[in-house]
1. If only Cα atoms are counted, what is the Rg of the chain, and what is its Dmax, in Å?
2. With charges set only on the Cβ (+1 for Lys and Arg, -1 for Asp and Glu), what does the dipole of region 17-152 come to about its Cα centre, in debye to the nearest 20?
3. Please compute the modelled spin-label separation between Ala119 and Arg20, points set 7 Å along Cα→Cβ, answer in nm with one decimal.
4. For the chain, what is the calculated [θ] at 222 nm in deg cm²/dmol (nearest 500), taking -39500 (n - 2.57) for each run of four or more DSSP H residues and dividing by its residue count?
5. Where in the chain is the longest stretch that carries no trypsin sites (Lys or Arg not before Pro) classed as loop by DSSP and with at most 11 other Cβ atoms within 10 Å?
6. Normalised by the residues of region 24-176, what does the relative contact order come to in percent, with Cα pairs under 8 Å and at least six apart?
7. How many lysine pairs does the chain hold where the Cα atoms are under 27 Å apart and the two sit 8 or more places apart or on different chains?
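Nothing in this text is a laboratory measurement; each read-out follows from the coordinates by a stated rule. Because the structure is predicted, anything quoted here is derived from the model rather than measured. Don't worry about glycine lacking a Cβ; one is built from the backbone with ideal geometry, like all the others, and counts go over all protein chains shown.
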Amino acid sequence: MTIPEPPGIERVLFTGDQIRRRIAEVGSEISEHYRGKDLKLIAVLKGSVYFLTELTRAIGIPVKIDFLAISSFASQRSSPGVVRIAKDLDEPIEGEDVLLVEDIVDTGLTATYLLRTLAGRGPNSLAVCTLLDRTSRRLVEVPVRFRCFEIPDRFVIGYGLDYRQLYRNLPYIAVMKPGVMADQSGAPARPPTASE
Ligand code: PRP
């Protein structure tokens, strides 16, 4: 089924084919790196779900998966990067090799908080894998071990990334027109119209 292109798209950044090919490469890297280990992928809801499913199918060793959901208060200037776990893991991670799977690492505040929290639970190893990396917006350094794509400082949607919870199911990643988005937080200058 073809999903109609949403209003406000400037250009497609990565096609579905490009995304799948790159995930296949990263999946092979992960398989080699963790061969013989007890690998658990932890996805941060909701955006990373699309990436997680494709990634697990590109990994050639047995893996377990688990999910975390967080509430972010990063838009509050008084307390940037304050994050709360809204849904915790189902299982302990003690002694396991854990890969934190993100759709995007941006300021790095979320990943930093989660790495600190997960490290306290005694995993054998802990690393980050992200579909998109927007290093130009980084506020804290994040040790990203596996990355599919570096992206420019633009608002992107698709393949798990949303605009007001919409467009996650686009099979590609697209850049929104600057006039449509007021800032990277997702607050629009005005709603996109069908003519854009
Ligand atoms: C995105 C992404 C990361 C976070 C990265 O989640 O999945 O968790 O932002 O941003 P940071 O590096 O600036 O901390 P978002 O809050 O958009 O939630 P979603 O996955 O439900 O869309």
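1. 16.9, 54
2. Numbers: 19 positive and 19 negative charges, 71 e Å.
With Lys and Arg at +1 and Asp and Glu at -1, about 340 debye.
3. 3.8
4. On the way: 3 runs with 39 residues, N = 196.
Mean residue ellipticity, 222 nm, calculated: -6500 deg cm²/dmol.
5. Details: sites that count: Arg35, Arg77, Arg164.
Longest gap between qualifying sites, sites excluded: 78-163.
6. On the way: 306 pairs, mean separation 30.5, N = 153.
The normalised contact order for region 24-176 reaches 20 percent.
7. For the chain, qualifying lysine pairs total 9.
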